[in-house]
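One structure is given below, encoded as structure tokens.
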Amino acid sequence: MSRYLRADRTSAVPKNAAVRGEPAVATGPDSVVYVVDDDESIRRSLARNMRAAGLTVETFSSAQAFLAHDLPDRVACLVLDVRLPGASGLDLQNALLEANRAMPTIFITGFGDVPMSVQAMKGGAIAFLQKPFDENELLSAVERALARGRQARAERAERLIIQRRFDTLTRREREVLELVVAGLLNKQIAFNLGAAEKTVKIHRGRVMHKMQVESVADLVRMTQRIGIEPSKTS
């Protein structure tokens, strides 16, 4: 085992998991851990031990190599060394953020300091681990990172569904929706739009049907997910 890991690997496994042959970390075929470290022995050690815990792992020797990799649409997290040849781990974190490819990240380093860790955490890092670190601590951080990745993936999928429903609305239906989520009654919406109350009721019904909601509260929560603000009224 690498000098950068300590603790018996079996200690990371829950008591009954070893009996059942289950992985130490909850994972699945849809998830992957990317390890970026310029030390080959560390990459091998991390990959070996995380695979033993049931994780799918891919390793890279530099930030440039990782950025050149075609990332599939999977739940993923990044185990990233701070000091790398060329672009640093923090540079890679920033590049991913700017490219809208950010993923939950766990930094590992033998040369960290407080400002460095603060910068990493501000960039959304899950953990900042000093070498040598406990394997259990790393596996726990990876599990948290993948859980966050799954949550983010589910939220993106939900927003996409809502946006697709919203895109089916006509211009007038969107105007009605914005006034409905602002809390206006049908007669107030009719006054604001210069329309008949009966017409507003029809549009409102179509909005609720197309958005697939049964209550105004559900409609409000749904529109908030895609950044739709209530219409300002006089």
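The values are calculated or read from the model by the stated rules, or taken from the named source; none is laboratory data. Quick caveat: nothing in here was measured; it's all calculated off a predicted structure. Counting neighbours? That spans all protein chains shown, and the Cβs are built from the backbone with ideal geometry, glycine included. Areas reflect the complete protein model, heavy atoms only, side chains present, ligands, DNA and RNA absent. Shrake-Rupley method; radii C 1.70, N 1.55, O 1.52, S 1.80 Å.
Key figures
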{"quantity": "Contacts under 8 angstrom Cβ, first residue in the stretch 173-192 being of a type in the set (S, T, N, Q), partner outside any loop (DSSP other than H, G, I, E, B), 6 or more apart", "calculated": "N186/E197; N186/V200; N186/K201; N186/R204; Q188/L179; N192/L179"}
{"quantity": "Residues located in the stretch 125-142, provided they are open to solvent by 20 Å² or more (accessible area, probe 1.4 Å), touching a residue at least 24 places away in the same chain (Cβ under 8 Å) and among the charged types (D, E, K, R)", "calculated": "K131, D134"}
{"quantity": "Check on E214, among the charged types (D, E, K, R) and either touching a Lys or Arg at 6+ places or on another chain (Cβ under 7 Å) or open to solvent by 70 Å² or more (accessible area, probe 1.4 Å) (or both)", "calculated": "yes"}
{"quantity": "Positions within the stretch 155-168 being farther than 12 Å from R225 by Cα and out of contact with any helix residue (DSSP H, G or I) (no Cβ under 6 Å at 6 or more places or on another chain), in sequence order", "calculated": "R164, D167"}
{"quantity": "Unmet criterion (only one of (1) at pLDDT 95 or above; (2) within 23 Å of S117 (Cβ to Cβ)) for A95", "calculated": "(1)"}
{"quantity": "Filtered residues of the stretch 157-192 (kept if open to solvent by less than 80 Å² (accessible area, probe 1.4 Å), aliphatic (A, V, I, L, M) and over 24 Å from the mean Cα position of the chain (by Cα))", "calculated": "L169, V176, L177, L179, V180, V181, A182, L184, I189, A190"}
{"quantity": "So I189, is it more than 30 Å from L97 (Cβ to Cβ), β-branched (V, I, T) and assigned to a helix (DSSP H, G or I)", "calculated": "yes"}
{"quantity": "Selection within the stretch 212-234 - in a helix (DSSP H, G or I) and over 25 Å from the mean Cα position of the chain (by Cα)", "calculated": "V216, A217"}
{"quantity": "Subset of the stretch 163-172 (residues that are out of contact with any Ser or Thr (no Cβ under 8 Å at 6 or more places or on another chain), in a helix (DSSP H, G or I) and touching a residue at least 24 places away in the same chain (Cβ under 8 Å))", "calculated": "Q163, R165, R172"}
